[in-house]
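So the structure is just underneath, and the comments pick up after that.
The values are calculated or read from the model by the stated rules, or taken from the named source; none is laboratory data. Source: prediction; values computed, not measured. Glycine also receives a Cβ, built like all others from the backbone with ideal geometry; neighbour counts cover every protein chain displayed. Just the protein is used for accessible areas: all its heavy atoms, side chains included, with ligands, DNA and RNA removed. Shrake-Rupley method; radii C 1.70, N 1.55, O 1.52, S 1.80 Å.
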Amino acid sequence: MSGGSPAPSRPKRPPRAVILRRRITMGLVAVLAIAFIAVVTTTALHALSGSAKPEASAPLRTTTPTPTQTPLTPAQQLLRTAADPATACAVSFQGDGITDAPMLQTEGVLFSGLPIPERPGSVFAGWYPTPETAQTQVQTDRVNGSQLATCTDHQRTLHAAWTTPEQNAATAAKIPILMYHQFTTKPDGEHSWLRNNYVYIEAFKAQMDYVAAQKFYLPTWRELNSFIDGKLFLPQHSLIITDDDADPTWLQLAVPVVTERKLLTTSFVITSTRQEGSPSPYVLQRSHTDDMHRAGANGKGRMVNLSADEVAADLEKSAQILGVKEVIAYPYGHYNATAEEGVTKAGFLLARTIDYGYVKIGTPKLELPVIRINYGDTVNGLKNNIG
């Protein structure tokens, strides 16, 4: 055809070999890409797994339950109130009919204020260290205020012993109260109007050796008070040792003797002339009045020349100095109904005379008799008086 446009030419197809090469190349690229992705992914997964290391197996935790606190015993509670925990001793009491609460004592100090319980149809026979000794009631096992308090780990238990009113009456104990005054180192004694008052110190040592060797039971004044009422059994082999006036010879010569032998003794002190504390763990200081140990208008002691109120006021002052109301010794042994009234008004339980005799169940409490020890009295004489 004349005058027409030329027909478009078709692009030439590349040769089959070229196409094949291109396909192979693209395939290789794809394979490499897949392999690269796989490597990267695997590396990433390893990295992730490496950073998140498995936790070391922790030991199994066992939940320990909070222990329930054991309640404190009454004795333990009492120890918490002690002013001096190092020497505190909580003493508990057990036995038939015993309801007494524990009480604090001080180790190395005489037992003080031990209870004297009561039970219908029975008579209290003392405290013992074990239930077995409370049954056998051997006198030398009995625990009372003549002994220094001892404990284990600040605690101790005492066990009650009982007897019958019939057995108590049948024993018919007679309790001697020994009365000493002054002491001398002179074998021939002192040569003065007070000669009989002065006991030779070697004779006193021999007498106290006998008391210690015979293991007399040494009751407290509170025990003696309950014994008189028939509420406490005291063995026949009981004894109270006293000294009047707290004379310097008593303090210097005799106190070391009773202390060495661990014998409970009472010193009756005139508090207007002595306010010092006890010279020994084994010496109780009790009232010999404050200022009535001197002659009154009629030649007798002031105590029988004053009104009951005046007597009571003097004894109150004495008690404030000594810190205890319990027993007094009448100066010169002089007393009357007015003096006794004054003793009662002041709140004292007992009063000791110089009258000869023994304390028994029912003895008048304000007229306690004594066994006076004079110069020249021997151990044999003491044996005859106290058994």
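Among what's in the range 119-157 and is in contact with a Ser or Thr (Cβ under 9 Å, 6 or more places away or on another chain) and of a type in the set (D, E, K, R), pick the residue that is least open to solvent (accessible area, probe 1.4 Å). Only one residue tops the list, namely R142.
Quick check: is even one residue across the range 317-326 part of a helix (DSSP H, G or I), small (G, A, S) and farther than 22 Å from L251 by Cα? No, that holds for no residue. For first residues located in the range 123-145 and closer than 24 Å to A169 by Cβ, partners that are open to solvent by 70 Å² or more (accessible area, probe 1.4 Å) and of a type outside the set (S, T, N, Q) and lie 6+ apart or on another chain with Cβ distances below 6 Å form the pairs T140/K215. Taking the range 295-310 as the range and being among the basic types (K, R) and part of a strand (DSSP E or B) as the test, no residue passes.
Among what's in the range 363-372 and is open to solvent by 10 Å² or more (accessible area, probe 1.4 Å) and closer than 10 Å to I177 by Cα, pick the residue that is farthest from the chain's Cα centre (by Cα). Checking each candidate, the answer is R372.
Regarding the range 262-272, can at least one residue be identified that is open to solvent by less than 50 Å² (accessible area, probe 1.4 Å) and out of contact with any Asp or Glu (no Cβ under 9 Å at 6 or more places or on another chain)? For the range 262-272, residues open to solvent by less than 50 Å² (accessible area, probe 1.4 Å) and out of contact with any Asp or Glu (no Cβ under 9 Å at 6 or more places or on another chain): present. For the range 284-321, a residue qualifies if it is within 13 Å of K345 (Cα to Cα) and over 31 Å from the mean Cα position of the chain (by Cα), and the qualifying residues are S307, A308, D309, E310, V311, A312, A313, D314. Filter the range 101-118 down to the residues that are surrounded by fewer than 17 Cβ atoms within 10 Å (Cβ to Cβ) and out of contact with any Gly (no Cβ under 7 Å at 6 or more places or on another chain), then identify the one that is nearest to S280 (Cα to Cα). The qualifying residue nearest to S280 (Cα to Cα) is V109. Looking across the range 158-196, just one residue is of a type in the set (A, V, I, L, M), open to solvent by less than 30 Å² (accessible area, probe 1.4 Å) and outside any strand (DSSP E or B), and that is A173. Taking the range 333-362 as the range and being hydroxyl-bearing (S, T, Y) and surrounded by 18 or more Cβ atoms within 10 Å (Cβ to Cβ) as the test, the residues that pass are Y335, T353.
Pairs meeting the criteria (first residue in the range 186-209 and touching a residue at least 60 places away in the same chain (Cβ under 8 Å) and farther than 23 Å from I386 by Cα, second residue open to solvent by less than 60 Å² (accessible area, probe 1.4 Å) and assigned to a helix (DSSP H, G or I), beta carbons under 9 Å, at least 6 apart or on different chains) are E190/N197. Just one of (1) part of a loop (DSSP other than H, G, I, E, B); (2) of a type outside the set (S, T, N, Q); (3) farther than 26 Å from L194 by Cα fails for E341. It is (1).
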